[in-house]
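Take a look at the structure set out below.
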Amino acid sequence: MSTYTTDAEFEDAYETIQRTFRSGKTKSLAWRKWQLKQIWWMIEDNEAEMVKALNTDLNRHEFETHFVEFMSMKNDVLDHLKHLEEWAADEIPDAGLIMGRLSGAHIRKEPLGVALIIGPWNFPITLTIQPLIAAVTAGCAVMLKPSEMAEASQNLMIKMIAKYLDQDAIRIVTGGARETGKILEHKFDEVFFTGSSKVARFITAATAKHLTPTVLELGGQGPAIVCESADLDLAARKIAWVKYLNAGQICLSVNHVFVHPNVHDQFIAKLEYWFEEFLKSGKEDMTTIINARNFDRLKGMMDRTRGKIVRGGTSNRDTLHISPTVITDVTMKDPLLEEELFGPILPVIKDNFRKAYQAINTLGHPLGIYIFSKNKAEIDEIISHTQSGGVTINEVMLHAGVPTAPFGGVGESGTGYYHGKHGFDAFTHTRTVVSPPGFLAKLLGFLQPPYDIKNIGK
Ligand code: NAD
C-alpha cells in the first residue's frame, strides 16, 4: 500500500508551484532548457533503477523497458530542446496591411500556467514524464500525480523528481482515486490525464467546475482487421507480439480481431505458431498482470465468454500470469467485448472487412485501428468508414511512433494531442496582441457613433 501525500504536503506543493509560476520563473527559456537537460540526466543516471522498478511492478523485461520507456523519453527531450526557441517564438499573423503589419499584431506563445499531469500504471514512468517534458517546454509549472498501482515506479519517480528537478516549480504527489478527487477540487490551468475512459468522466466532471482545459489520453477497444488479401504470417506475428508485449496492457494494443472467413483457420494456426515462438524464449519474461483486481477481471471475462479457447486459457493468480489466450467463435455480443480488455486475451471474430467496420462503429471510436490487407481500395474503404485516433496498416501501433505527428484519440479514446510540437501546443495559450499606431486608431474612428451606413466598406 502506497504512502499517500498528506493534505498539508499537498497544500505546500500546490502553493509553492502557484507562487513560482506567478513569479515568471518558468517562462524563461533558460529555465526550460535547464529543466529539460535535468530530465535527460534524470533518465540517463537512473536507467538501472527504472528497469528494476518496472520489473517489480510488472515483471517487465529490461529490453521492453528500454524500447517502450527510455527511447521515447530521451528522443522527446532532444527534440524539445532542439525546437524550443522556434516553437516559443512569436508569430506574425498573415492578416494583410491594416490588421496585420500596421496593427503590429503578433501571437505570443504563453504557458497555460500550473498543470496537473495524472499518469496511468501500464507505462508508469514514460506516460508521466513525456507530458512533463511538453509542459516544461511550454513554460508551465507542474504537479505530477503518477499511478499508485505501479508503486515501485511511483516511489522511484518521487526520489528522482526531488533530486533532479526544480522543486519550486515541479512537484510530485501521490494518491488513489479519492485523493486525486480531492486534488482536482483545486484549480489548475491545465489537466493532462492518461488513463481509462471511465475515470476520464470523473476527471472532466471535476475540471468542468473550474473550466480547466483538459487533455484526455484514453484507450478503447482497438480492433485489427485481417482481410482475405492479407499477408497472414505478418498479421499473426504482429498481433501475437502486441498481445505479448506488456501482456497486452497497452492503450494501443489490439483488443479483438476480425478475420475473413476464408483465411480464418490459416490465421489461427499462424497465431498459435507465433505465440509459441515468443513464449519459447520469453515465457518467464512475459509481463504480468498489474494486480489481483485486474487479474480477476480478466479471468472473469474469460470464464464468461461464449467463445472457444483455442490457445492459452491458463493462469496463475499467485504470480499474476495469464498465458496469451486466443478465443475463436466470438461475436460482438460476447461478454469479452463489453469493455476494453487490457490484457493478453485475443477474441477472434470471423467476418469480412465490411461487416468488421460496421461492427467497429457500434463501439466507441478506438485509439488505433490496424488493417492487414494488400488491397488499397479495401484499406481506403475501411479508413473512410471508421473514426479512430490513428490507423496503422500492415503493422501495429506505428502511428504513435511518428515523432512529429499528433498522438491522441477521438471521442471515447480521448481529446487533444501531444508528441513533438503538439505537446508544446497542449500546454500553451496562443495570445494575440495588437498595438496599432495612433493614425490607425483615428482611421477606425468611423466605427463609433454617430453611425453612418455609407461609411461601411469604404
Ligand atoms: P485509470 O483511469 O484507472 O487511472 C489513471 C489515473 O487516474 C491514475 O493515476 C489513478 O490514480 C487516477 N484515478 C483513478 N480513479 C480515479 C478517480 N475516480 N478520480 C480521479 N482520479 C482517478 O487508468 P489505468 O488503469 O492506470 O490505465 C489504463 C487505462 O489507461 C486504459 O484504459 C488505457 O487504454 C489507458 N491508457 C491510455 C494511454 C494513451 O496514451 N492514450 C496510455 C496508457 C493507458
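Taking strands (runs of 3 or more DSSP E) that fall entirely within the stretch 196-313, which contain at least 3 residues that are within 13 Å of the ligand (Cβ to nearest atom)?
Of the strands (runs of 3 or more DSSP E) lying wholly inside the stretch 196-313, those with at least 3 residues that are within 13 Å of the ligand (Cβ to nearest atom) span 214-217.
Select from the stretch 179-226 the residues that are charged (D, E, K, R), farther than 19 Å from Gly411 by Cα and touching a Gly at 6+ places or on another chain (Cβ under 9 Å) and write down the one among them that is surrounded by the fewest Cβ atoms within 10 Å (Cβ to Cβ).
Among those that are charged (D, E, K, R), farther than 19 Å from Gly411 by Cα and touching a Gly at 6+ places or on another chain (Cβ under 9 Å), it is Lys182.
From the list Thr392, Thr415, Thr386, which one is within 15 Å of the ligand (Cβ to nearest atom), crowded, with 16+ Cβ neighbours inside 10 Å, farther than 21 Å from Val191 by Cβ and of a type outside the set (A, V, I, L, M, F, W, C)?
Thr392
Can you go through Arg32, Arg60 and tell me which one is surrounded by 16 or more Cβ atoms within 10 Å (Cβ to Cβ), in contact (Cβ under 8 Å) with a residue 60 or more places away in the chain and not in a helix (DSSP H, G or I)?
Arg60
Of the numbered conditions (1) outside any helix (DSSP H, G or I); (2) hydrophobic (A, V, I, L, M, F, W, C); (3) surrounded by fewer than 23 Cβ atoms within 10 Å (Cβ to Cβ), Ala359 fails exactly one; give the number of that condition.
Here Ala359 clears every test but (1).
Looking at the stretch 119-172 only, could you name the residues that are within 13 Å of the chain's Cα centre (by Cα) and hydroxyl-bearing (Ser, Thr, Tyr)?
Of everything in the stretch 119-172, those that are within 13 Å of the chain's Cα centre (by Cα) and hydroxyl-bearing (Ser, Thr, Tyr) turn out to be Thr126, Thr128.
Which condition breaks for Lys333 when tested against (1) touching a helix residue (DSSP H, G or I) at 6+ places or on another chain (Cβ under 7 Å); (2) basic (Lys, Arg); (3) part of a loop (DSSP other than H, G, I, E, B)?
Unmet for Lys333, out of (1) touching a helix residue (DSSP H, G or I) at 6+ places or on another chain (Cβ under 7 Å); (2) basic (Lys, Arg); (3) part of a loop (DSSP other than H, G, I, E, B): (1).
Is it true that Gly104 is free of Cβ contacts under 8 Å to residues at least 12 places away in the same chain, surrounded by fewer than 24 Cβ atoms within 10 Å (Cβ to Cβ), more than 9 Å from the ligand (Cβ to nearest atom) and of a type outside the set (Asp, Glu)?
no
For Ala134, are the conditions met, namely being closer than 24 Å to Asn246 by Cβ, surrounded by fewer than 20 Cβ atoms within 10 Å (Cβ to Cβ) and in contact (Cβ under 8 Å) with a residue 12 or more places away in the chain?
When the stated conditions are applied, Ala134 does not pass them.
Which of the residues belonging to the stretch 191-241 are of a type in the set (S, T, N, Q) and under 19 Å from Lys350 (Cβ atoms)?
Gln221, Ser229
Enumerate the pairs (first residue in the stretch 198-217 and among the aromatic types (Phe, Trp, Tyr); second residue anywhere and within 12 Å of the ligand (Cβ to nearest atom) and assigned to a strand (DSSP E or B)) with beta-carbon separation below 6 Å, excluding pairs fewer than 6 apart on the same chain, so at least 6 apart or on different chains.
Every condition considered, no pair remains.
Exactly one condition in (1) within 9 Å of the ligand (Cβ to nearest atom); (2) within 16 Å of Gly416 (Cβ to Cβ) is not met by Leu116; state its number.
(1)
Kindly indicate whether any position in the stretch 427-443 is assigned to a helix (DSSP H, G or I) and crowded, with 19+ Cβ neighbours inside 10 Å.
No, the stretch 427-443 has no match at all.
Can you say whether Gly96 is in contact (Cβ under 8 Å) with a residue 60 or more places away in the chain and out of contact with any strand residue (DSSP E or B) (no Cβ under 6 Å at 6 or more places or on another chain), as far as the supplied structure shows?
No, not satisfied.
Tell me, please, whether a residue that is within 15 Å of the ligand (Cβ to nearest atom) and either part of a helix (DSSP H, G or I) or surrounded by fewer than 23 Cβ atoms within 10 Å (Cβ to Cβ) (or both) can be found in the stretch 157-165.
Looking for residues that are within 15 Å of the ligand (Cβ to nearest atom) and either part of a helix (DSSP H, G or I) or surrounded by fewer than 23 Cβ atoms within 10 Å (Cβ to Cβ) (or both), one finds at least one in the stretch 157-165, hence yes.
Coordinate-derived values only; no laboratory data. These numbers come from a predicted model, not from an experiment. Because the Cβ atoms are built from the backbone with ideal geometry, glycine has one as well, and the counts that use them run over all protein chains shown.
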